[in-house]
1. Taking LEU303 as the residue in question, decide whether it is in a strand (DSSP E or B), over 26 Å from ILE210 (Cβ atoms), touching a residue at least 40 places away in the same chain (Cβ under 8 Å) and under 23 Å from the mean Cα position of the chain (by Cα).
2. Restricting to region 272-285, give me the number of residues that are within 21 Å of CYS161 (Cβ to Cβ), out of contact with any Leu (no Cβ under 7 Å at 6 or more places or on another chain) and hydrophobic (A, V, I, L, M, F, W, C).
3. If you go through region 298-309 one residue at a time, do you hit one that is surrounded by 24 or more Cβ atoms within 10 Å (Cβ to Cβ), of a type in the set (Gly, Ala, Ser) and not assigned by TED's automatic domain parsing to the domain that holds LEU198?
4. Can you tell me which residue within region 174-205, out of those that are under 20 Å from GLY238 (Cβ atoms), in contact (Cβ under 8 Å) with a residue 40 or more places away in the chain and not hydrophobic (A, V, I, L, M, F, W, C), is surrounded by the most Cβ atoms within 10 Å (Cβ to Cβ)?
5. Among the residues of region 1-47, write down those that are of a type in the set (Val, Ile, Thr) and in contact (Cβ under 8 Å) with a residue 40 or more places away in the chain.
6. Look at region 138-194 and say how many of its residues are of a type in the set (S, T, N, Q) and part of a loop (DSSP other than H, G, I, E, B).
7. Considering only region 210-217, I want to know if a residue exists there that is under 27 Å from GLN126 (Cβ atoms), aliphatic (A, V, I, L, M) and not in a helix (DSSP H, G or I).
Amino acid sequence: MSRRLAEVARKVGVSEATVSRVLNGKPGVSEQTREAVLTALDVLGYERPTKLRGERARLVGLVLPELQNPIFPAFAEVVGGALAQQGFTPVLCTQTAGGVSEADYVELLLGQQVSGIVFAGGNYAQRDALHGHYDRLTGRNLPVVLINASIEDLEFPRVSCDDEVAIEQAVGHLASLGHTTIGLVLGPVDHVPSERKLRAAQTVAQRLGIELDDRHVVRSAYSLESGQAAATRLIKEGVTGIVCASDPLALGAIRAARRSGLRVPEDISIVGYDDSAFMNCTEPPLTTVRQPIEPMGRAAIDLLVSQINGASVPQEELLFEPELVVRGSTGPAPAPRPA
């Protein structure tokens, strides 16, 4: 008991006597200090006293699919900061290959009496993934917000970057540079944001007279290595521009171009998606479509905290417009190679 008191007191920056008063329900402690002590108990993994267990902790789960793609740490930073301003502590849950699943994390967070959960890039974005754990959250009436597109039958508030506008910007940019044969590197077939991007690309390609058939669309996992393999296939098909569904995929495409003896952007142009950290420092700097991470993250927390406070929030998807950031990886289409 004394060790627990000492650890919690050190975490919060109060005396052990203050912690003891909170745990025993004694008066003389401010509500802010009381909440800080209870949150510290949860964070340190200690059980609350029985009479305090019915109250939800001021913890919020943040479930991410990975941290290798810089876009997810960026979302974590924005969401964590917005939560702290509202008096909540984020609990970061990151999936790893063969490790803890999203469903496992949901059970863990429910056991921690979290006040709500924010998901970014989870199973909700894939039609063929497991979705039963979302029903658990609905059954508990737990406040939830999803960042970016989901399957249709999940009735959670969603904050999304407009995938259709993003792809229109990317393909339109390459078309304005004279490219008429453009390839796409997208996520898996059942991935909803990639479905949206493909539909938009087909529409804009038809309108602009750009060649875009099945040979020019490659599905991929979201990694640099997968981007390299996908772009190698597209280069063999003779495309002069490639639009990728993430920045790591685009970096893989640049590597593929170089290993095929092509120069970027003189021989082939490449566009990424996200504008994640350091994309202005690559060689060449990456042209990409920027997700508005800051307003999206803050909007997600506003929606979550409104639910926690008992307010009803719209179930419609809240769409944010992306911005094309033109750098050095795109240029005029090369002259046709002599036959």
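The values are calculated or read from the model by the stated rules, or taken from the named source; none is laboratory data. Keep in mind it's a predicted model, so treat the numbers as computed, not measured. Note that each Cβ is placed from the backbone with ideal geometry, even for glycine, and that neighbours are counted across all protein chains shown.
1. For LEU303, the condition - in a strand (DSSP E or B), over 26 Å from ILE210 (Cβ atoms), touching a residue at least 40 places away in the same chain (Cβ under 8 Å) and under 23 Å from the mean Cα position of the chain (by Cα) - is not met.
2. Counting residues in region 272-285 that are within 21 Å of CYS161 (Cβ to Cβ), out of contact with any Leu (no Cβ under 7 Å at 6 or more places or on another chain) and hydrophobic (A, V, I, L, M, F, W, C) gives 2.
3. There is at least one residue in region 298-309 that is surrounded by 24 or more Cβ atoms within 10 Å (Cβ to Cβ), of a type in the set (Gly, Ala, Ser) and not assigned by TED's automatic domain parsing to the domain that holds LEU198.
4. In this case the residue turns out to be GLY183.
5. THR39, VAL43
6. 4
7. Checked region 210-217: at least one residue is under 27 Å from GLN126 (Cβ atoms), aliphatic (A, V, I, L, M) and not in a helix (DSSP H, G or I).
Rundown of residues vs (1) touching a helix residue (DSSP H, G or I) at 6+ places or on another chain (Cβ under 7 Å); (2) at pLDDT below 95, yes/no style:
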| residue | (1), (2) |
| --- | --- |
| PRO284 | no, no |
| PRO295 | no, no |
| ASN309 | no, yes |
| GLU316 | no, yes |
| PRO322 | yes, no |
| ALA335 | no, yes |
